[in-house]
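K.L.:
Sharing a structure below in structure tokens format, with a few things to ask.
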Amino acid sequence: MLLPVLLPDNDLDWAVYEGPERLVPAGWGLHEPDGPRLTPEAVTQADVVLLPGLAVDRTGLRLGRGGGSYDRVLTRLERAGGGRRWWCWSTTTRWWTRSRPSRTTAGCTPR
């Protein structure tokens with residue numbers, strides 16, 4: 001499993017998760033793996049990508065917090081192609097479709 005490592009320009013590098021004892025404090029109150037960095041492109045080798053979001057619509061359009069970090073990940077995944085891949089999300093709020101709210105706050109979309 002790969003975990004993101006926030007870079008100074010808000011892009012994401014990736015490192016292997018080797019257990020909670022190998023996580024170190026990072027910026028924004030986060031923790032990140034202390035192992036070698038694998039490059040921002042490493043995520044394109046994943047079969048499943050879990051993304052956080054404030055909201056997601058039925059088409060998988062994701063609303064984040066404005067840093068663009070995960071939008072860059074999605075762009076890399078789309079550019080890489082390479083067969084069927086899934087990205088999954090979890091939101092902390094309800095999302096809206098047209099004029100009615102949805103109670104779904106997590107799901108997966110084939111890409």
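The numbers here are math on the coordinates, done by the rules we state, and not lab data. Since the model is a prediction, treat every value here as computed from it, not as a measurement. Backbone-built Cβ (ideal geometry, glycine too); neighbour counts: all protein chains shown.
K.L.:
According to a simple spin-label model (label point 7 Å from Cα along Cα-to-Cβ), what is the distance in nm between Asp9 and Asp47?
P.N.:
Result: 3.2 nm between the two label points.
K.L.:
Which whole-Hz couplings ³J(HN,Hα) result when phi for each residue of the stretch 26-38 is put into the Karplus expression 6.51 cos²θ - 1.76 cosθ + 1.60, θ = phi - 60°, listed in order with x for Gly and Pro?
P.N.:
Values per residue, Gly and Pro as x: 9, x, 6, x, 8, 10, 9, x, 8, x, x, 7, 9 Hz.
K.L.:
State the extension gain, in nm to one decimal, for the chain segment bounded by Ala80 and Leu30, taking 0.36 nm per residue of separation less the distance between their alpha-carbons.
P.N.:
Working: separation 50, 0.36 × 50 = 18.00 nm, distance 2.79 nm.
Result: 15.2 nm gained on full extension.
K.L.:
Could I ask something else about it? Under the rule of at least 5 residues apart or a separate chain, name every residue whose amide H is placed under 5 Å from the amide H of Leu50.
P.N.:
Amide H to amide H, under 5 Å and 5 or more residues apart or across chains, Leu50 pairs with Cys88.
K.L.:
Name the residues of the stretch 25-39 whose amide N is less than 18 Å from a point 7 angstrom out from the Cα of Val16 along the C-beta direction?
P.N.:
Residues passing the 18 Å test: 32-39.
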